[in-house]
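A.B. asks: Have a look at this one before I ask anything.
Laboratory data are not the source of any read-out in this text; all were calculated from the coordinates shown. Note that this is a predicted model, so its numbers are computed, not measured. With ideal geometry, Cβ positions are generated from the backbone for all residues, glycine too; neighbour counts draw on all protein chains shown.
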Ligand SMILES: Nc1nc2c(ncn2[C@@H]2O[C@H](COP(=O)(O)OP(=O)(O)OP(=O)(O)O)[C@@H](O)[C@H]2O)c(=O)[nH]1
Ligand SMILES: [Mg+2]
């Protein structure tokens with residue numbers, strides 16, 4: 001082998017080995033990089049996770065809510081809605097600390113059968129209010145939400161514009177096993193929304209069970225939405241609901257429906273006259289609107305303002321809120337006692353025995369109740 005060829009082979013070997021080393025080092029670099037990447041992403045995932053699971057302090061919650069931070073508002077409402085005892089305890093302290101900053105809003109309840117146009121109406125009323133520099137929070141009491149896992153405000157798409165309005169806050173209805181529980185959560189959420197600076201709270205309910213009564217007992221102004229039919233407007237309306245209403249609004253008053261609206265207005269006005277005058281001195285109004293076409297909304301909004309003005313002037317506004325607080329105090333105690341009684345293991349067994357005795361005519365409902373209550377008081 002000539003010297004030149006030895007040199008050539010040597011050179012070739014050097015080149016080859018340098019290529020191999022480069023490849024290997026780039027491979028190991030890649031490897032190192034990917035493991036670095038992995039470690040980095042695991043670390044950041046852990047940080048995110050721990051930040052998420054680390055719930056902010058009560059002080060932070062209150063500070064952010066009072067500053068109008070809706071993300072903290074939502075998290076606090078989630079605590080209210082939680083069934084976890086620790087969360088509930090925390091929520092109660094937050095509520096207590098927010099309470100001095102609440103109470104400064106107008107609370108409007110809106111009810112009506114499915115499809116009457118509640119969501120559409122709230123969307124236009126809400127937009128009207130925010131364009132008048134109001135901050136609007138929309139909450140719901142929907143007793144059916146625990147059954148079908150849906151909620152009346154679940155499809156926020158029906159309030160597309162309001163959802164994107166920075167001066168509006170929309171919270172779907174909480175779920176729960178009892179209407180009282182669902183209503184309590186909504187009522188407590190009102191306090192937080194007010195503390196966060198929302199000056200108008202709209203509460204929607206579809207009117208299942210006793211939900212109108214619940215909503216009526218947490219609002220200043222109660223509005224019943226109706227649609228005009230064929231002159232039989234009063235049929236199918238639950239007793240008491242007309243009595244609760246501060247206004248009845250015939251919605252969908254557009255197109256073909258306009259002439260029916262006129263008849264419906266007369267019929268409802270007549271019906272309202274049959275009721276005794278309200279303690280507030282306010283005469284409930286019957287108005288019409290088209291939520292879809294945004295007609296009549298300003299008149300309705302002015303009417304609500306008039307009501308608030310009148311009732312504040314003669315003190316009824318505060319009296320009503322005080323009465324509502326008393327109602328909620330009693331309702332909460334009732335519900336708590338009810339649950340404590342019926343969820344008591346000894347009582348459930350004894351109750352079954354008493355029911356059997358009742359069936360066989362060996363006791364009376366009163367004796368059985370008295371015996372069970374004695375056992376309960378002995379237990380607690
Ligand atoms: N013509 C007409 N249609 C309306 C009006 N308001 C609402 N609608 C329509 O009625 C339907 C029901 O409206 P929603 O606002 O979803 O009614 P809702 O009362 O919230 O219904 P639920 O959430 O199912 O209880 C929709 O198709 C709306 O577009 C109105 O003023 N005029
Ligand atoms: Mg709706």
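A.B. asks: Against the 2.2 N^0.38 Å scaling, with N counting residues, where does segment 52-101 land? I'd like the Cα-based Rg ratio to two decimal places. Kindly include the intermediate steps, with their values, before the conclusion.
C.D. replies: Working: Rg = 9.9 Å, N = 50, 2.2 N^0.38 = 9.7 Å.
Taking the Cα Rg and dividing by 2.2 N^0.38 Å, one obtains 1.02.
A.B. asks: Shape of segment 329-379 from its Cα gyration tensor (a ≥ b ≥ c, root eigenvalues): rounded if a/c is under 1.5, otherwise prolate when a/b > b/c, or oblate? Before the final figure, lay out each step's value.
C.D. replies: Working: a/c = 2.39, a/b = 1.99, b/c = 1.20.
Prolate shape, in that a/c is at least 1.5 and a/b is the bigger ratio.
A.B. asks: Let me ask you something else. I need the calculated FRET efficiency for the pair residue 128 and residue 360, taking r as the beta carbon distance and R₀ as 56 Å, to the nearest 0.05. Please report the intermediate quantities before stating the final value.
C.D. replies: Values: r = 64 Å, r/R0 = 1.15.
So the FRET efficiency works out to roughly 0.30.
A.B. asks: Let me ask something else. For segment 280-357, what class follows from the C-alpha gyration tensor (a ≥ b ≥ c being the square roots of its eigenvalues): rounded when a/c is under 1.5, otherwise prolate if a/b is larger than b/c, else oblate? Walk me through the numbers on the way to the answer.
C.D. replies: Working: a/c = 4.63, a/b = 2.40, b/c = 1.93.
Note, shape of segment 280-357 comes out prolate.
A.B. asks: With both partners inside segment 102-314, how many of the DSSP beta bridges are antiparallel, as a percent to the nearest 5? Please list the in-between numbers first.
C.D. replies: Details: 1 of 29 bridges.
Given both bridge residues lie in segment 102-314, the antiparallel proportion sits at roughly 5 percent.
A.B. asks: Counting other beta carbons within 10 Å of each Cβ, put 163, 62, 138 in order, fewest first. Present the calculation step by step, with values, prior to reporting the outcome.
C.D. replies: Details: 163 16, 62 22, 138 28.
Ranking 163, 62, 138 by Cβ neighbours within 10 Å, fewest first, gives 163, 62, 138.
A.B. asks: Sticking with this one: Could you please rank 99, 162, 351, placing first whichever residue has the fewest other Cβ atoms within 10 Å of its Cβ?
C.D. replies: The fewest-first ordering by Cβ neighbours comes to 99, 351, 162.
A.B. asks: Separate question: Please report, to two decimal places, log10 I(q)/I(0) for segment 102-314 at q = 0.08, 0.11, 0.17 Å⁻¹ as given by the Debye formula with identical point scatterers on the Cα atoms and no solvent.
C.D. replies: The calculated log intensity ratios at q = 0.08, 0.11, 0.17 Å⁻¹ are -0.25, -0.49, -1.24.
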